[in-house]
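Notes follow the structure.
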Amino acid sequence: MAVKDTKLHTAYIVSNTCVGDGIYELVLVCDELARTMLPGEFINIHVPGSQTELLSIPLSFSHIDVEAGLIYLAYAVVGSATKRLSALCAKTALRVLGPCGHGWDIPLSKEKALLVSGGIGTPPVLAAAALFKSQGIAVDVIIGAQTADKLWGVKRAHAIGVDRLFVTTDDGTLGEKGFTTDVMQKLLADTSYGCVCTCGPAPMMKRVAALAKAAHIPCQASLERMMTCGFGACATCTVQMVDGSNKGCCMVGPVFNAEEVAW
């Protein structure tokens, strides 16, 4: 797959704000990236501060302000690199590779879309929601998290103007108690959808894909892998496919046809 637009950029932190329990919203400014990134694509961020850690952090955006050159992302602090990232302040320069990967495909059907996100998989799902709305496609969105303190994206979903928003938490501290797939199953029983899109924990996406397949609805899944290099050289992000092949998440994905993935 061609990567002619993928290159190194210098981006600057505008803000890096804690918005939940271990959840941060990161805003970067980089005019060229803001002009060229498409919903579902990602950037690889090299986080300064360690001479021994060479891994970069792959992050997908929730939305972009092209005129201001602003890229809005969210991430969870789950290791040393994201911990260092969370400590960085405004005006810090970052080395960023992007745009990377294959993003969301606009559905051929103009029927309403169902978008399902879990945990920190919400940013690319909201980017899909904005994309579909811009194409005249109505969207229902389900956002789930373990607890209310770990939930992110509700304000952004309202700003996009999604048609219906459903919130779930495992412990019932906000929205409906239970899983996103419980709500999805109920919606499929009384609403017709032209496509399903999902991003989040692998068990959730596996279940979303199965429900979509049973309902004969095309499903796209944005997979989460450690996409170390971002351009297909290191083979650390391979995804096993139903046909027995392996495909690089950073090049062929992160968005895949869910039926082609060997869950």
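For the reader, a short list of remarks on this structure follows.
- Of all residues in region 119-138, none satisfies being over 26 Å from Val66 (Cβ atoms), β-branched (Val, Ile, Thr), at pLDDT 95 or above and not in a strand (DSSP E or B).
- Just one of the numbered conditions (1) buried (at least 18 other Cβ atoms within 10 Å of the Cβ); (2) touching a residue at least 60 places away in the same chain (Cβ under 8 Å); (3) closer than 28 Å to Ile71 by Cβ is not true of Thr147: (1).
- Taking region 73-97 as the range and being within 16 Å of Ile120 (Cα to Cα) and open to solvent by 50 Å² or more (accessible area, probe 1.4 Å) as the test, the residues that pass are Val77, Val78, Lys83.
- Failed condition for Val239, given (1) of a type in the set (A, V, I, L, M, F, W, C); (2) in a strand (DSSP E or B); (3) touching a residue at least 24 places away in the same chain (Cβ under 8 Å); (4) closer than 26 Å to Asn44 by Cα: (3)
- Qualifying positions in region 83-117 - without any contact (Cβ under 8 Å) to a residue 40 or more places away in the chain and under 19 Å from the mean Cα position of the chain (by Cα): Ile106
- Among the residues of region 23-62, those that are open to solvent by 20 Å² or more (accessible area, probe 1.4 Å), more than 14 Å from Gly98 (Cβ to Cβ) and at pLDDT 95 or above comprise Tyr24, Glu25.
- Here region 242-263 is the region considered, the condition is being in contact with a strand residue (DSSP E or B) (Cβ under 8 Å, 6 or more places away or on another chain) and assigned to a loop (DSSP other than H, G, I, E, B), and the residue that is surrounded by the most Cβ atoms within 10 Å (Cβ to Cβ) is Cys250.
- A Cβ distance below 7 Å, combined with a sequence gap of six or more or placement on separate chains, defines the contacts here; from region 179-206, residues that are within 16 Å of Phe132 (Cβ to Cβ) and in contact (Cβ under 8 Å) with a residue 24 or more places away in the chain reach residues that are in a loop (DSSP other than H, G, I, E, B) and polar (S, T, N, Q) in the pairs Gly194/Ser109; Cys195/Ser109.
- Scanning region 200-216 for residues that are buried (at least 20 other Cβ atoms within 10 Å of the Cβ) and farther than 16 Å from Asp182 by Cα returns no hits.
- Residues that are more than 20 Å from Gly103 (Cα to Cα) and outside any loop (DSSP other than H, G, I, E, B) within region 63-82 comprise Ala76, Ser80, Ala81, Thr82, listed in sequence order.
- Scanning region 168-199 for residues that are within 17 Å of the chain's Cα centre (by Cα) and within 18 Å of Trp152 (Cα to Cα), we see that the one that is surrounded by the fewest Cβ atoms within 10 Å (Cβ to Cβ) is Thr180.
- Residues of region 119-131 that are open to solvent by less than 10 Å² (accessible area, probe 1.4 Å) and touching a Phe, Trp or Tyr at 6+ places or on another chain (Cβ under 8 Å): Thr122, Pro123, Pro124, Ala127, Ala128.
For every residue, the table says whether it meets (1) out of contact with any helix residue (DSSP H, G or I) (no Cβ under 9 Å at 6 or more places or on another chain); (2) farther than 26 Å from Lys155 by Cβ; (3) of a type in the set (Val, Ile, Thr).
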position	(1), (2), (3)
Pro58	yes, no, no
Ser62	no, no, no
Asp65	no, no, no
Ile71	no, no, yes
Leu88	yes, no, no
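- Note on region 100-118: residues that are open to solvent by less than 30 Å² (accessible area, probe 1.4 Å) and either assigned to a loop (DSSP other than H, G, I, E, B) or not aliphatic (A, V, I, L, M) (or both) amount to 7.
- For the condition within 27 Å of Asp105 (Cβ to Cβ) and not in a loop (DSSP other than H, G, I, E, B), Leu38 does not qualify.
- Index of the failed condition, Ala90 passing every other in (1) in a strand (DSSP E or B); (2) modelled with pLDDT of 95 or more: (1)
The values are calculated or read from the model by the stated rules, or taken from the named source; none is laboratory data. Computed from a predicted structure; not experimentally measured. Virtual Cβ from ideal backbone geometry, glycine too; neighbours counted across all protein chains shown. Ligands, DNA and RNA are excluded from the accessible area calculation, which covers all protein heavy atoms including side chains. Shrake-Rupley method; radii C 1.70, N 1.55, O 1.52, S 1.80 Å.
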